[in-house]
Amino acid sequence: MPVASVVRAIRVMSWALVALGFLLLATGILGGMWAWVYIAVVMALSITEWVLRDREEVRQERSHHPHAE
């Protein structure tokens, strides 16, 4: 699976989790420690997306400049 597809899937999943989190917080289902766990999961997905995207940019840049290191 291409990295761009994975990054797109993570981005969509992150936004879906954010929306679901707001809904769960508003209804009172999510609270306390579980809210912090939920936030940590969403943050981990965002960080994963950033790392994958940056690594792909570096890989593409190196493929355009094979002798630059």
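Just to confirm a number: summing +1 for Lys and Arg and -1 for Asp and Glu over residues other than PRO2 whose beta-carbon lies under 10 angstrom from that of PRO2, what do you get? Here the count lands on 0. The Kirkwood hydrodynamic radius of the chain, based on inverse pair distances between different Cα atoms, is 13.9 Å. Dividing the summed helix terms, -39500 (n - 2.57) for each DSSP H run of n ≥ 4, by the number of residues in the chain produces a 222 nm estimate of -29500 deg cm²/dmol to the nearest 500. When the alpha carbon gyration tensor of the range 15-55 is reduced to an equivalent ellipsoid, its three semi-axes come out at 24, 11, 4 angstrom, largest first.
Comparing ILE39, ILE29, ILE47 in a Gaussian network model of the chain, where Cα atoms under 10 Å apart are tied by springs, the biggest mean-square fluctuation is seen for ILE29. Amide H contacts under 5 Å for LEU30: LEU25, restricted to partners 5 or more places along the chain or on a different chain, H placed in the peptide plane at 1.01 Å from N.
Taking the Cα centre of the chain as origin and assigning +1 to Lys and Arg Cβ atoms and -1 to Asp and Glu Cβ atoms, the resulting dipole is close to 160 debye. Ordering ILE47, ALA35, VAL6 by the projection of their Cα atoms onto the charge dipole of the chain, which places +1 on the Cβ of Lys and Arg and -1 on the Cβ of Asp and Glu, puts ALA35 at the extreme positive end.
For the chain, carbon and sulfur atoms together expose 70% of the accessible surface, with a 1.4 angstrom probe and every protein chain in place. The range 29-56 and the range 1-20 have their alpha-carbon centroids 11 Å apart.
With axes computed from alpha carbons, what is the tilt in degrees of helix 33-64 against the longest principal axis of the chain, rounded to the nearest 10 within 0 to 90? Roughly 10 degrees, rounded to the nearest 10. With a cut-off of 12 Å between beta carbons, the residues surrounding ARG55 carry a summed charge of -2, where Lys and Arg count +1 and Asp and Glu -1. The angle between the Cα long axis of helix 3-27 and the main principal axis of the chain comes to about 10°, on a 0 to 90 degree scale. Counting charges near TRP15 (Lys, Arg +1; Asp, Glu -1) among other residues having Cβ under 15 Å from its Cβ returns a value of +1. With all protein chains kept in place, the per residue accessible area of the chain amounts to 81 square angstrom at a probe of 1.4 angstrom.
The values are calculated or read from the model by the stated rules, or taken from the named source; none is laboratory data. Quick caveat, the model's predicted, so the values are computed rather than measured. Every residue, glycine as well, gets a Cβ built from its backbone with ideal geometry; the counts of neighbours run over all protein chains shown. SASA here: full protein model, heavy atoms, side chains in, ligands and nucleic acids out. Shrake-Rupley method; radii C 1.70, N 1.55, O 1.52, S 1.80 Å.
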